[in-house]
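Report on one structure; see the data block that follows.
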Amino acid sequence: MSKSLLWDSIQKYQCTTIAVMGMAKNTGKTVVLNHLLQESYQHSLPVGITSIGRDGESHDQVFRTPKPLVIVPKGTLIATAQDTLNRSRITWEKVEETPFDSAMGRIWIVRAAEAGELEIAGATRSSEQLDNMVHLRKLGAQMIFLDGALGRSHHASPALANGVILSTGAALGGAMQDVLRKTQERLEVLTLKQIENPWRDRIREALKFQPVAIWDVEDKPILIHAKATLTAAKELLSIEEPIQTIGLSGAVGQLLWDGILALATKRAIRVVIADGTRLFIERRDIARLEEWGGTLEVLDPIRILGVSVNPTTPFGAGYDPQEFLDLARETLKFTPVVDVVLEK
């Protein structure tokens, strides 16, 4: 075993695409990413890296606070926007120009000619990310790291990543217990139970052709013309047939969830979403569905490889590092928890 708990977890589950996901800004996501890139280099494993959105910038774009840059080892394959390369502190070799554009220019795939620091801004659409990942693998990357910006979690979807590391810390605000309670609730959402067959295959097939699929109390499909999950509430509530099962392929926000809860007051509703990254509601909202006998499940479960904790915050006093780590391990009992700075 290595000296890194996160690396050991990646090896245990044989994950080849790892998403690093932050609970909020300044929770130590980039520090974790740099830790894993260094572990990969020490194990002589060729890796690729990209980001959904923008990350690794020298200053936080929201709060203007200093941030660590992404430090890539020599030989790393990087899929990032052209503008980030022009400002990078790294010598790189262009390998391929992708057909995808971003707000910071065309996405290029380059290879680091030496170790160095840079900002990463990858494709914003999952389909483009999948295409870039295919090319990174063809170019020799045996492991790919995905980083995501604030408010974006679909890079952690099982459609992209087969393992997720969640970063949390003092930047969430409040006492240690408050931070860990929020983290536990987020983990519960991300690790929702997978629905069993035959319904899993039935819903998955239906969602190939429409974003919302519904069935009545006799398990007969009901036609719905919703064009997106986020705006489907009004049409759901207008259906006269008794709805019992709802399948959703896209994002689930508060408006849609309130509509589902209105249906749940009439009968127990089974709700199935693609995966836990599509859910943008609180754990208490799920509890309300369960109180009325309803269930929430996923088509594809998320594998949490570990939780990283950051006791510091750029806005003032943080926590005692060892005390925070010990309490986190006690609270998040079934998940590997690490402070990669303390681990060094």
ask   = Do any chymotrypsin sites (Phe, Trp or Tyr not before Pro) in region 138-227 lie in a DSSP loop with no more than 16 other beta carbon atoms within 10 Å, and if so, which?
value = Phe209
note = If amide H atoms are modeled at 1.01 Å from N in the peptide plane, then the residues at a separation of 5 or more from Thr313, or on another chain, having amide H under 5 Å from its own are Gly318
ask   = Under a point-charge model restricted to the Cβ atoms of Lys and Arg (+1) and Asp and Glu (-1), what is the dipole moment magnitude of region 212-344 relative to its Cα centre, in debye to the nearest 20?
value = 200
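Roughly how big is region 259-323's charge dipole about its Cα centre, with Cβ charges of +1 (Lys, Arg) and -1 (Asp, Glu), in debye to the nearest 20? Kindly include the intermediate steps, with their values, before the conclusion.
On the way: 8 positive and 9 negative charges, 84 e Å.
So the dipole magnitude of region 259-323 works out to roughly 400 debye.
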ask   = In whole Hz, what ³J(HN,Hα) sequence does region 267-281 give by Karplus (6.51, -1.76, 1.60; θ = phi - 60°), x for Gly and Pro?
value = 7, 5, 10, 9, 10, 10, 10, 4, 6, x, 6, 8, 9, 10, 9
request  = Apply the membrane-span-like helix rule to the chain: whole DSSP H runs, Cα extent along the own long axis of at least 30 Å, mean Kyte-Doolittle hydropathy at least 1.0. List the helices found.
outcome  = none
query = Under a 5 Å amide H to amide H cut-off, with H placed in plane at 1.01 Å, what residues pair with Gln194 once short-range neighbours are removed?
reply = Val298
ask   = With θ set to phi - 60° and the Karplus curve 6.51 cos²θ - 1.76 cosθ + 1.60, what are the ³J(HN,Hα) couplings of region 292-306 in order, to the nearest whole Hz, using x for Gly and Pro?
value = 8, x, x, 9, 10, 9, 10, 6, 10, x, 9, 8, 8, 7, x
request  = Would you calculate, for the chain, the mean residue ellipticity at 222 nm contributed by helices, counting each DSSP H stretch of 4 or more residues as -39,500 (n - 2.57) and dividing by all residues, to the nearest 500?
outcome  = -8500 deg cm²/dmol
key: For a label point 7 Å along the Cα-to-beta-carbon line of Phe209, residues of region 222-241 with backbone N under 16 Å   = 222-227
request  = Search the structure for amide H atoms under 5 Å from the amide H of Ile120, placed 1.01 Å from N in the peptide plane, and list their residues when 5 or more places away or on another chain.
outcome  = Asp55, Gly56, Glu57
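Say R0 is 51 Å: what FRET efficiency, to the nearest 0.05, do Lys227 and Asn86 get from their beta-carbon distance? Intermediate results must be reported in sequence, preceding the final value.
On the way: r = 39 Å, r/R0 = 0.77.
E between Lys227 and Asn86, to the nearest 0.05, is 0.85.
Percent of accessible area on region 255-344 owned by carbon and sulfur, 1.4 Å probe?
Values: 2150 of 4300 Å².
The computed percentage sits at 50.
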task = With unit charges on the beta carbon (Lys/Arg positive, Asp/Glu negative), name the residue among Gln244, Thr313, Leu296 whose Cα is farthest towards the positive pole of the charge dipole of region 233-315.
result = Thr313
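Work through the residues other than Gly174 whose Cβ is under 10 Å from its Cβ and net out their charges, Lys, Arg +1 and Asp, Glu -1.
On the way: positive: Arg181, Lys182; negative: Asp178.
Once all neighbours under 10 Å are counted, the net charge is +1.
Per 0.36 nm of contour for each residue apart, how much would the distance between Ala268 and Glu343 grow if the chain were fully extended, relative to their Cα-Cα spacing? Show your work: numbers first, answer last.
Values: separation 75, 0.36 × 75 = 27.00 nm, distance 4.70 nm.
Result: 22.3 nm gained on full extension.
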remark   = If unit charges are put on Cβ atoms (+1 for Lys and Arg, -1 for Asp and Glu) and the dipole of the chain is taken about its Cα centre, the option from Thr191, Ala115, Gln322 lying farthest towards the positive end turns out to be Ala115
query = Between Ala24 and Leu45, what is the spin-label point distance in nm, taking each point 7 Å from the Cα along the Cα→C-beta axis?
reply = 3.1
inquiry  = If I model a spin label at Val95 and Glu240 as a point 7 Å from the Cα along the Cα→Cβ vector, what separation in nanometres do I get?
reply    = 6.0
inquiry  = Using +1 at the C-beta of Lys and Arg and -1 at the C-beta of Asp and Glu, which of Ser126, Leu172, Pro221 has the Cα lying farthest in the positive direction of the dipole of region 111-252?
reply    = Ser126
query = How many times 2.2 N^0.38 Å is the alpha carbon radius of gyration of the chain?
reply = 1.04
Summed residue charge, Cβ within 14 Å of His225's Cβ, Lys/Arg positive, Asp/Glu negative = +1
inquiry  = Considering only protein heavy atoms and a probe of 1.4 Å, how much of the accessible area of region 95-179 is carbon and sulfur, as a whole percent?
reply    = 49
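What size of dipole, in debye to the nearest 20, comes out for the chain about its Cα centre when the only charges are +1 on Lys and Arg C-beta atoms and -1 on Asp and Glu C-beta atoms?
On the way: 39 positive and 42 negative charges, 60 e Å.
Once rounded to the nearest 20, the dipole reads 280 debye.
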task = Could you check what % of the DSSP bridge pairs in region 202-344 are antiparallel, to the nearest 5?
result = 40
ask   = In whole Å, how far is the Cα centre of region 220-291 from that of region 1-37?
value = 33
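For an R0 of 45 angstrom, estimate the FRET efficiency from the Cβ-Cβ distance between Gln142 and Gln254 and round to the nearest 0.05.
Details: r = 41 Å, r/R0 = 0.90.
According to the calculation, E is roughly 0.65.
For region 181-240, with every protein chain kept in place, what is the accessible area per residue (1.4 Å probe, Å²)?
Values: 3750 Å² over 60 residues.
With the other protein chains kept in place, region 181-240 gives 63 Å² per residue.
The values are calculated or read from the model by the stated rules, or taken from the named source; none is laboratory data. Here the structure is a predicted model, which is why all the values come from computation and not from measurement. So basically every Cβ, Gly included, is an ideal-geometry build from the backbone, and we count neighbours across all protein chains shown. For the accessible areas, the whole protein counts, side chains as well, though only heavy atoms, and no ligand, DNA or RNA atoms are used. Shrake-Rupley method; radii C 1.70, N 1.55, O 1.52, S 1.80 Å.
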